[in-house]
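J.: This structure is in structure tokens; I'll ask about it shortly.
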Amino acid sequence: MVSGDVLVEEGRIVSVGSSDLSADEVIDCTGCAIVPGLINLHNHVPNTLLRGVADDVPLEEMLPKAAVIDAKLTRRDVQVGALLGCVEMIRSGTTSFHDLFYWEDEVARAVRESGIRGFLSWVTLDESRTTQHGSPLKNADAFVAKQKGDPLVTPSIGVQGVYAASEETCTKAREIADRHQVRLHMHLSETRGEVEHHRKETGHRPIAWLEKIGFLGPGLTAAHCVWVTINEVRTLARHGVSVAHCPVSNMKLASGGVAPVPEMLREGVVVGLGTDSPISNNAMDVFADMKIASLLHKATRWDARAMPAQAVLDLATIGAARALHVDSELGSIEVGKRADLAVVSLQGAHTTPFYPETLISQLVYSCRGSDVRATIVDGQILMADRVVQTVDEAEVVSRAQETARELFEA
Ligand SMILES: [Zn+2]
């Protein structure tokens, strides 16, 4: 931790810790901490419109309930839902998110409009199982070709999961990603049912099967990895696969197990933190999920030292940046990195008293997304004094409310 100013020029951090600097624009951070912008390593942002449609049921019941509304979504709905999600994330200090959905070109539009950074994976799955218009593989291929090279949008190829993607689909998805030199993003070993079903169908658990078909590699980020053995953790480490840990979603859906994150970290797997969908969280406040991640591992291991505050803050910042292979640019406040920052107030009743020595604990155990005063991406101020600068928040919220009501009533 350093005291003093952070100076930003042309989107990059050029000085940290000095206290006698001048600048064209100054944000007063008195009584605040400046933290690296949080990175949400796994979500489905357009699903903000489906928030609350399938609460208090397991994944197997949530998916069909969500699919009924999902089948009615139009391109415009996806754009409206994505913009609402971007506003929610900006308001709670998230500066990057890793999305898995279709019509990601509409999500990209919301990213550019709001100014947040998007790592956007167009999801692929077997044509017989999709609600997408056209071939998911062709759609994903075209999306990546069109969006590559954008300063805020990093496109990639998604795979729904082994329960919805055959060997042929997985292999083709990997080929497209390799051809474009972009990343892969999938759900993996989320529930016991998924693991057992796949073992019965193929004779292999999902990770062994993906290794056999040559799918695993450092370009893959796998969400969940709840039902994995220590040998599977070692397989992930050996292939350089990174993991998006989604504790709130796993707990809400009662997936049953707990992802062995301490073992993943010990074995060298790179891990970040994801909220997962607004259907299964239901918020996208990474502050809340940091605290819950820490508590989950402490509670289930009877070990108050498990997942300490610094470890979970790392998951939400530099860990996620490493997972996406962008840690030379994002994930910490260092000279030369992109200026993706959040300014967090430490002056609330719930964060008082504050001592510099306990800053990391305060951020993880006391702070909430609503304590974020300012959010900055690439040097651009997206929120100042809790007012979103890039889009009209009230208009985004009312349009989303209206769109969601039309979807439910249709
Ligand atoms: Zn998910």
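J.: Name the one entry in 343, 397 that is more than 20 Å from residue 272 (Cβ to Cβ), among the aliphatic types (A, V, I, L, M) and not in a helix (DSSP H, G or I).
T.: Within the list 343, 397, the selection yields 343.
J.: Looking only at segment 113-162, filter to residues that are of a type in the set (D, E, K, R) and crowded, with 20+ Cβ neighbours inside 10 Å; which one of those is nearest to residue 378 (Cα to Cα)? Show your work before the answer.
T.: Within segment 113-162, the first condition is being of a type in the set (D, E, K, R), and the residues that meet it are 113, 117, 126-127, 129, 138, 141, 146, 148, 150.
Narrowing further to those that are crowded, with 20+ Cβ neighbours inside 10 Å: 117, 141.
Numbers: 117: 9, 141: 27 Å.
Filtering segment 113-162 for residues that are of a type in the set (D, E, K, R) and crowded, with 20+ Cβ neighbours inside 10 Å, the one nearest to residue 378 (Cα to Cα) comes out as 117.
J.: Then there's this: Give me the pairs: first residue in segment 74-93 and farther than 16 Å from residue 282 by Cα and in contact (Cβ under 8 Å) with a residue 40 or more places away in the chain, second residue surrounded by fewer than 24 Cβ atoms within 10 Å (Cβ to Cβ) and of a type in the set (Gly, Ala, Ser), beta-carbon distance under 6 Å, and six or more apart or on different chains, which are they?
T.: From segment 74-93, the pairs are 80/400.
J.: Which one of these does residue 361 not meet: (1) assigned to a strand (DSSP E or B); (2) among the hydroxyl-bearing types (Ser, Thr, Tyr); (3) surrounded by fewer than 18 Cβ atoms within 10 Å (Cβ to Cβ)?
T.: (1)
J.: Another one. Does residue 63 fit the bill of being within 16 Å of the ligand (Cβ to nearest atom), without any contact (Cβ under 8 Å) to a residue 24 or more places away in the chain, assigned by TED's automatic domain parsing to the domain that holds residue 100 and within 27 Å of the chain's Cα centre (by Cα)?
T.: Working: within 16 Å of the ligand (Cβ to nearest atom): yes; without any contact (Cβ under 8 Å) to a residue 24 or more places away in the chain: yes; assigned by TED's automatic domain parsing to the domain that holds residue 100: yes; within 27 Å of the chain's Cα centre (by Cα): yes.
In short, yes.
J.: I need a count of the residues in segment 56-67 that are more than 23 Å from residue 83 (Cα to Cα) and either of a type in the set (Gly, Ala, Ser) or outside any helix (DSSP H, G or I) (or both).
T.: Residues in segment 56-67 being more than 23 Å from residue 83 (Cα to Cα) and either of a type in the set (Gly, Ala, Ser) or outside any helix (DSSP H, G or I) (or both): 3 in total.
J.: Does residue 24 satisfy the condition of being part of a loop (DSSP other than H, G, I, E, B), under 30 Å from residue 335 (Cα atoms), without any contact (Cβ under 8 Å) to a residue 24 or more places away in the chain and among the charged types (D, E, K, R)?
T.: When the stated conditions are applied, residue 24 passes them.
Residue-wise test of (1) more than 14 Å from the ligand (Cβ to nearest atom); (2) outside any helix (DSSP H, G or I).
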residue: 88; (1), (2): yes, no
residue: 95; (1), (2): yes, yes
residue: 107; (1), (2): yes, no
residue: 123; (1), (2): no, yes
residue: 132; (1), (2): yes, yes
residue: 144; (1), (2): yes, no
residue: 157; (1), (2): yes, yes
residue: 168; (1), (2): yes, no
residue: 190; (1), (2): no, yes
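Matching residues to (1) part of a helix (DSSP H, G or I); (2) within 14 Å of the chain's Cα centre (by Cα); (3) surrounded by fewer than 24 Cβ atoms within 10 Å (Cβ to Cβ); (4) without any contact (Cβ under 8 Å) to a residue 40 or more places away in the chain:
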residue: 235; (1), (2), (3), (4): yes, no, yes, yes
residue: 238; (1), (2), (3), (4): yes, no, yes, yes
residue: 276; (1), (2), (3), (4): no, yes, no, no
residue: 282; (1), (2), (3), (4): no, yes, yes, no
residue: 295; (1), (2), (3), (4): yes, no, yes, yes
residue: 300; (1), (2), (3), (4): yes, no, yes, no
residue: 305; (1), (2), (3), (4): no, no, yes, yes
residue: 322; (1), (2), (3), (4): yes, yes, yes, no
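J.: Just to verify a result, which residue in segment 207-227, among those that are away from the ligand (no atom under 16 Å from the Cβ), part of a loop (DSSP other than H, G, I, E, B) and among the aliphatic types (A, V, I, L, M), is surrounded by the fewest Cβ atoms within 10 Å (Cβ to Cβ)?
T.: As a first pass, look at segment 207-227 and keep what is away from the ligand (no atom under 16 Å from the Cβ): 207-219.
Cutting the leftovers down to part of a loop (DSSP other than H, G, I, E, B) gives us 213-219.
From what's left, among the aliphatic types (A, V, I, L, M): 213, 216.
On the way: 213: 16, 216: 22.
Applying the filter and picking the extreme gives 213.
J.: With the structure loaded, tell me whether residue 177 is in contact (Cβ under 8 Å) with a residue 12 or more places away in the chain, farther than 22 Å from residue 62 by Cα and out of contact with any Lys or Arg (no Cβ under 9 Å at 6 or more places or on another chain) or whether it fails that test.
T.: On the way: in contact (Cβ under 8 Å) with a residue 12 or more places away in the chain: yes; farther than 22 Å from residue 62 by Cα: yes; out of contact with any Lys or Arg (no Cβ under 9 Å at 6 or more places or on another chain): no.
So residue 177 fails the test.
J.: Residues to consider are 83, 125; find the one that is closer than 23 Å to residue 320 by Cα and more than 15 Å from the chain's Cα centre (by Cα).
T.: 83
J.: Only one of these conditions is not met by residue 264: (1) over 17 Å from the mean Cα position of the chain (by Cα); (2) within 13 Å of the ligand (Cβ to nearest atom). Which number is it?
T.: Evaluating residue 264 over (1) over 17 Å from the mean Cα position of the chain (by Cα); (2) within 13 Å of the ligand (Cβ to nearest atom) leaves (2) as the failure.
The values are calculated or read from the model by the stated rules, or taken from the named source; none is laboratory data. Keep in mind that this is a model prediction, so the values were computed, not measured. Methodologically, a virtual Cβ is constructed for each residue, glycine included, from the backbone with ideal geometry; neighbour enumeration extends over all protein chains shown.
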